[in-house]
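S.K.: Below is a structure I'd like to ask you about.
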Amino acid sequence: MDASFNPLLFVAGAGACALVLVGGGGTALSLLRRRTGIRSRRRQSHEAFLEQVERTAERARAKLNRSLAWEGARPLRVAAVVDECDDVKSFYFASTDGRPLPPFLPGQYLTLHVPCAAGGKQVVRCYSLSDRPREEYYRCTIKRQGPPGDQPELPPGIGSNFLHDHVHTDDVLPCEAPRGPFYLAAQGDEPVVLIGGGIGLTPMVSMANTLAQTNPTRRVYLFAGVRNRGEFPFRDHLRSLAESLPDFKLFSVFSRPTSQDADHKDFDHHGRITVDYLRTVLPSCNFPFYLCGPPALMQSLVPGLLEWGVPDDQIHFEAFGPASVRLPSDRNPAAEAIGEPVRFERQGKEFVWEAGDDSLLDVAVKHGVPVESGCRAGNCGQCALKVLAGKVATLRTPGATPPDGHCLACVSVPDGPLVVDA
């Protein structure tokens, strides 16, 4: 069972039918009743199918978590820090006792406990692994995050800035085992498309390096979407792969090339990665697609690939931080929760869910309710809250599994009146 498997929404459409009245209305009425019964059974079958799929996916996620290389956090030593490009550094983590590190799956992430909060308190951050599995080190390539572009008044990323400014060779950080439901199965002979936007390129490099080592004849189309050459991590390495492997095709897409970037020498396309561009360079859409990038890129590409005809079980993606990709057929649990009361029991505060509220964590932050959080994407498990009364709906399949009776606040919304222990 592929642990990246996501439940698929199939619409059991009964279709429109015209009834021809022959020999009186009784025959038509009987036919109508039979067809209504068929539609009812289809709906029941569809609902049972979805429940079965969700149970299967949950078992897969639980199995993935049980198979972690170690439980909790263990110390790893920073073996090296390397500047990759503007505001991007690679951190190499090795075991403190010299023993080999357990393997991981290309595309998964490492969870770091970074002592960057007031008083040296640790915050938890998840960063994609950016190299193939190796026994001697794990590599995470991390971009220094400034304030959000649309909210410049907010502070820059506390975790990434601390790592860039204060973490050096031979420092030791507590780290949780590699995990995550977004990963590539390197075996197989069908072509694969890898798409990375900005620092979302890092898991694609892990996948590319794994394929280059274990399956070098597999056709790979890798699309790197960056601003320019100065913000292109692993540029020389990827170009070297494209030169040495006949079946590895690299497409560099620059959104803001500088005067030093030569068109069709330093980059293949000026603009952004779009489905229209993919259609001009890919021979077909009959491939598995793996995508990682910022919200705007993901919200554009994932629905666009579906419209192009890529089956939804062939689209594997991971969005940054709290970003959530909503497919055209998806329900919107956050919108459906408008008007529902949410009570934070320990604080003695109750609020009504409003339009624009994205998650329980979002509501807690908005109203000053303290809730621990890390990745804000359902991966680290730091924001787990005990549900005291009511039910929640999840916005996306989380990478972490909360304890029984708990929810992950960053990917949960109320499904009716809700009381949580916060």
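The values are calculated or read from the model by the stated rules, or taken from the named source; none is laboratory data. Source: prediction; values computed, not measured. Here the Cβ is made from the backbone with ideal geometry for all residues, glycine too, and neighbour counts use every protein chain on show. Ligands, DNA and RNA are stripped out before the accessible areas are found, and what is left, the full protein with its side chains, is counted by its heavy atoms. Shrake-Rupley method; radii C 1.70, N 1.55, O 1.52, S 1.80 Å.
S.K.: Excluding residues fewer than 8 places away in the same chain, name every one of the aspartates and glutamates whose C-alpha is closer than 14 Å to that of LYS265.
M.R.: Once the sequence-local aspartates and glutamates are set aside, what remains near LYS265 is ASP236, GLU243.
S.K.: Classify segment 125-183 as rounded, prolate or oblate, taking a ≥ b ≥ c as the square roots of the eigenvalues of its Cα gyration tensor: rounded when a/c is under 1.5, otherwise prolate if a/b is larger than b/c and oblate if not.
M.R.: oblate
S.K.: How much accessible area per residue does segment 205-333 have, in Å², with a 1.4 Å probe?
M.R.: Counting only protein heavy atoms, the per-residue value for segment 205-333 is 46 Å².
S.K.: Something else now. Give me the net charge of TYR137's neighbourhood, meaning all other residues with Cβ under 13 Å from the Cβ of TYR137; Lys, Arg count +1, Asp, Glu -1.
M.R.: Working: positive: ARG77, ARG99, ARG132, ARG134, ARG139; negative: ASP131, GLU135, GLU136.
That sum, taken over residues with Cβ under 13 Å, equals +2.
S.K.: Note down the net charge around LEU101, summing +1 for each Lys or Arg and -1 for each Asp or Glu among other residues with Cβ under 12 Å from its Cβ. Walk me through the intermediate numbers first.
M.R.: Values: positive: ARG74, ARG77, ARG99, ARG134, ARG139; negative: ASP97, ASP131, GLU135, GLU136.
Around LEU101, the surrounding residues sum to +1.
S.K.: Quick one: which of 255-267, 372-384 comes out on top by average Cβ neighbours within 10 Å, and what's the full order, highest first?
M.R.: 372-384, 255-267
S.K.: A further question on this structure: As a quick test, which of the pairs LYS89/LYS386; LYS143/LYS249; LYS121/LYS366; LYS143/LYS386; LYS143/LYS391; LYS143/LYS349 have an alpha carbon distance above 30 angstrom in this structure?
M.R.: Values: LYS89/LYS386 37 Å; LYS143/LYS249 25 Å; LYS121/LYS366 23 Å; LYS143/LYS386 33 Å; LYS143/LYS391 37 Å; LYS143/LYS349 37 Å.
The pairs that break the limit, which is 30 Å between Cα atoms, are LYS89/LYS386; LYS143/LYS386; LYS143/LYS391; LYS143/LYS349.
S.K.: Excluding ligands, DNA and RNA, what is the solvent-accessible area per residue of segment 66-134 at a probe of 1.4 Å, expressed in Å²?
M.R.: Normalised by residue count, the accessible surface of segment 66-134 is 44 Å².
S.K.: Assuming R0 = 51 Å, can you tell me the calculated FRET efficiency for the pair SER259 and PHE287, based on Cβ-Cβ distance, to the nearest 0.05?
M.R.: Once rounded, the FRET efficiency stands at 0.90.
S.K.: Work out, step by step, the length gained on full extension between ALA73 and ASN215: first 0.36 nm times the residue separation, then minus their alpha carbon distance; give nm to one decimal.
M.R.: Here the segment from ALA73 to ASN215 would lengthen by 47.9 nm.
S.K.: If amide H atoms are built 1.01 Å from N in the plane of the peptide, which residues on other chains or at least 5 residues away come under 5 Å of the amide H of ARG376?
M.R.: Excluding prolines and chain starts, which carry no amide H, there are no hits.
S.K.: Also, quick follow-up: Tell me, what is the FRET efficiency for ILE158 and ASP276 to the nearest 0.05, using R0 = 30 angstrom and their Cβ-Cβ distance as r? Can you show the working numbers first?
M.R.: Working: r = 38 Å, r/R0 = 1.26.
FRET efficiency, ILE158 to ASP276: 0.20.
S.K.: Given a 1.4 Å probe, how much area per residue of segment 365-422 is accessible, in Å²?
M.R.: So segment 365-422 comes to 41 Å² accessible per residue, rounded to a whole number.
S.K.: Using a Förster distance of 56 angstrom, determine the FRET efficiency expected from the C-beta separation of SER244 and GLN347, and round it to 0.05.
M.R.: 0.45
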